[in-house]
Amino acid sequence: MRYLLPLLLLLLAQPAQAQPSQPALLALAGAELLLPHLARPAPFPRALAVTQALTGDEPGWQALLAPLDAVAAHGAPLPRQLAASFPAAANAAVLAELGHPAEAGRVWRWMAGAMRIGARFGGGDSPALAATAAAESLLDRGALRAADQALATLDGPAAAALQPWRQGLARRLAMEEAAAALVTAISARTAQAPP
C-alpha cells in the first residue's frame with residue numbers, strides 16, 4: 001500500500017498522453033493491494049483472485065503470481081510461528097527415526113527433546129538429531145531457506161514426520177519470494193513512468 005497512493009497521485013498529475021495505459025495502472029494497483037496479504041499468515045484467495053483479475057491484461061504479472069495459486073488457500077505461518085512450532089516437529093522426527101510414533105507419550109517426547117538439546121552441544125550423531133539441530137540454529141537466525149535445506153537431507157520416517165511442518169515452511173518461502181518479485185516489478189514499472 002505504501003506505493004499505491006504516491007503512484008496514483010503521480011499518474012493523476014501527468015498529462016493524459018504521458019499516463020500509462022489503464023491495464024498497466026490496474027496491474028500496479030492489483031499488485032500493490034496483494035502485498036500486505038503476503039506478510040500475514042492468513043489465507044488470501046480473494047485478494048489473489050482480485051489481483052489476478054486486475055493484472056490479467058498485462059504480460060509478466062501472471063507469471064509472478066502463479067506460485068501463489070497453491071499457497072493462497074492455506075496462507076503460511078510467519079517465520080516466528082515456524083520457529084515456535086519447530087521443536088514439536090523436530091521431536092516427532094527424532095521419535096520417528098527411533099521407530100516411535102509422534103503420539104508415543106510424554107516420556108518419549110521429553111526424551112526426544114533432551115536428545116535434541118544434547119545434539120546442539122555436540123552429543124548424538126543420528127541424522128535426525130544433526131539435521132534438526134542445524135535447522136533450529138538456522139531458524140533462530142531467520143535463515144528459512146537454509147533451514148529447509150538442512151532438513152532436506154533427511155529421508156524415511158524422520159522426513160515423513162517433518163513433512164507437514166516443511167509444507168508450511170515451503171508456503172512461507174513461496175510468499176516471501178513472490179513479495180520480493182512483486183516489489184521489484186512495482187518499483188521497475190513505477191520508475192518507467194515519465195517525470
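No lab work stands behind these numbers, since they all come straight from the coordinates. The structure presented is a predicted model; accordingly, all values stated were derived computationally and were not measured. Cβ coordinates were reconstructed from backbone atoms using ideal geometry, including for glycine residues, and neighbour counts include every protein chain displayed.
Summary table
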{"quantity": "Separation of the residue 183 and residue 49 label points, Cα + 7 Å toward Cβ, nm", "calculated": "2.9 nm"}
{"quantity": "FRET efficiency estimate (nearest 0.05) - Cβ-Cβ, residue 78 to residue 125, R0 41 angstrom", "calculated": "0.80"}
{"quantity": "Cut-off under 5 Å, modelled amide H: who pairs with residue 76 long-range", "calculated": "42"}
{"quantity": "Virtual spin-label span in nm between residue 140 and residue 167, 7 Å along Cα→Cβ", "calculated": "3.0 nm"}
{"quantity": "Contour minus Cα-Cα distance for residue 190 and residue 152 (0.36 nm per residue)", "calculated": "9.8 nm"}
